[in-house]
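In what follows, a single structure is set out as C-alpha cells and then discussed.
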Amino acid sequence: MAEDPITRHFFNGFIRLHILYHAVKEPVYGAEITEELVRHGYRVSQGTLYPTLHQLEDQGYLKSYSEVVRGRRRKYYRATPAGQKVLAEARTKLLELVAEVIEDHDQPFQNLKQKRGKPGPDKPT
C-alpha cells in the first residue's frame with residue numbers, strides 16, 4: 001500500500017469497493033479477496049484486510065458466516081441489501097468520476113464556473 005496518507009486513503013476506498021463488488025456476486029473469504037486485490041496491484045496485509053472486512057460488517061454492508069473447508073474453519077462474507085445498495089450508488093458515482101477524470105468530460109463543471117464568472121481552462125486567471 002502507498003506510503004502517502006492521502007493515496008492510502010483513496011486506495012482503501014477502492015479496496016472497499018472491490019470487496020463489496022465481489023461479495024455482491026458471491027460469498028468471499030479473506031485469502032481469496034487478498035489474491036484478487038493483488039491481481040489488481042494492491043498490496044494488502046492481513047492487518048489491513050481483516051479490519052476492513054470487520055468494519056464493513058459492523059456498518060451493515062457485509063454479513064459473515066463460517067464453514068469448515070478441508071478441516072479448517074473459513075469465514076465467508078456476503079453483501080447485505082445495504083451493501084448491494086451502497087455498491088449501486090458507488091457505481092453511479094464511479095461512472096461520473098471516470099467520465100470526468102479519465103475521459104476528461106468536465107463540461108458541467110466548466111458551465112458552472114462560467115455561470116459564476118470564474119475563469120475556465122482557456123481563460124487567464
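A short reminder: the numbers here are calculations on the coordinates, not readings from a lab. Not measured: the values here are computed from a predicted model.
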Residues whose modelled amide H sits under 5 Å from the amide H of residue 62, counting only those 5 or more places away in sequence or on another chain, are 57, 80
Treating every alpha carbon of segment 5-115 as one equal point scatterer without solvent, the Debye formula yields log10 I(q)/I(0) values at q = 0.11 Å⁻¹ of -0.43
Helix 5-25 sits off the longest principal axis of the Cα atoms of the chain, rounded to the nearest 10 on a 0 to 90 degree scale, by 60 degrees
Under the Karplus relation with 6.51, -1.76 and 1.60 and θ = phi - 60°, whole-Hz ³J(HN,Hα) for segment 47-62, x at Gly and Pro, equal x, 9, 5, 5, x, 5, 4, 5, 5, 4, 6, 4, 7, x, 8, 10
